[in-house]
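Working notes for the structure below.
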């Protein structure tokens, strides 16, 4: 099994969903810390964030901790609300807000502080019938 964040991280996830009649809503919050490599002349050690680097470049064999190296705080929040128009095709209208924040301890050429906000709205359907008869 693999994870999108690779290695050298910890994360906490909270998901909530609500339905009342044809109205629905959901919230997803992800908090995490990930350790990236500094990749500078002063500090070129492999802290475990890049799974493709040679493990012989590690900074030590003892006192290893999660998210060591260029510790980066990551937050992802996603909120969605909508109304179900047609239950047989799952046709619905929705509005969604997504916010991401990426905040490393030290800004480098590859890891730097940034945040992103998306606002979405639309009409969507799911014509497949998902049966869970097991």
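Taking residue 92 as the residue in question, decide whether it is more than 15 Å from the chain's Cα centre (by Cα), under 23 Å from residue 15 (Cβ atoms) and assigned to a strand (DSSP E or B).
Values: more than 15 Å from the chain's Cα centre (by Cα): yes; under 23 Å from residue 15 (Cβ atoms): yes; assigned to a strand (DSSP E or B): yes.
Criteria met by residue 92.
How many residues are in contact with a strand residue (DSSP E or B) (Cβ under 6 Å, 6 or more places away or on another chain) and either part of a loop (DSSP other than H, G, I, E, B) or without any contact (Cβ under 8 Å) to a residue 12 or more places away in the chain (or both) when one looks only at the range 38-68?
Final tally of qualifying residues: 7.
So, in the range 6-21, of the ones that are assigned to a loop (DSSP other than H, G, I, E, B) and within 30 Å of residue 57 (Cα to Cα), which residue ends up modelled with the highest pLDDT?
8
If residue 3 satisfies all but one of (1) free of Cβ contacts under 8 Å to residues at least 40 places away in the same chain; (2) farther than 30 Å from residue 81 by Cα; (3) assigned to a loop (DSSP other than H, G, I, E, B), what's the number of the condition it fails?
(2)
Among the residues of the range 22-33, is there at least one that is modelled with pLDDT of 85 or more, exposed (fewer than 13 other Cβ atoms within 10 Å of the Cβ) and assigned to a strand (DSSP E or B)? Give the derivation first.
If we filter the range 22-33 for residues that are modelled with pLDDT of 85 or more, which is where we start, we get 22-33.
Remaining after also requiring exposed (fewer than 13 other Cβ atoms within 10 Å of the Cβ): 22-23.
Now restrict to residues that are assigned to a strand (DSSP E or B): 23.
Among the residues of the range 22-33, at least one is modelled with pLDDT of 85 or more, exposed (fewer than 13 other Cβ atoms within 10 Å of the Cβ) and assigned to a strand (DSSP E or B), which makes the answer yes.
The values are calculated or read from the model by the stated rules, or taken from the named source; none is laboratory data. Everything numeric here is computed off the predicted structure, so don't read it as measured data. Neighbour counts run over all protein chains shown; Cβ positions are idealised from the backbone, glycine included.
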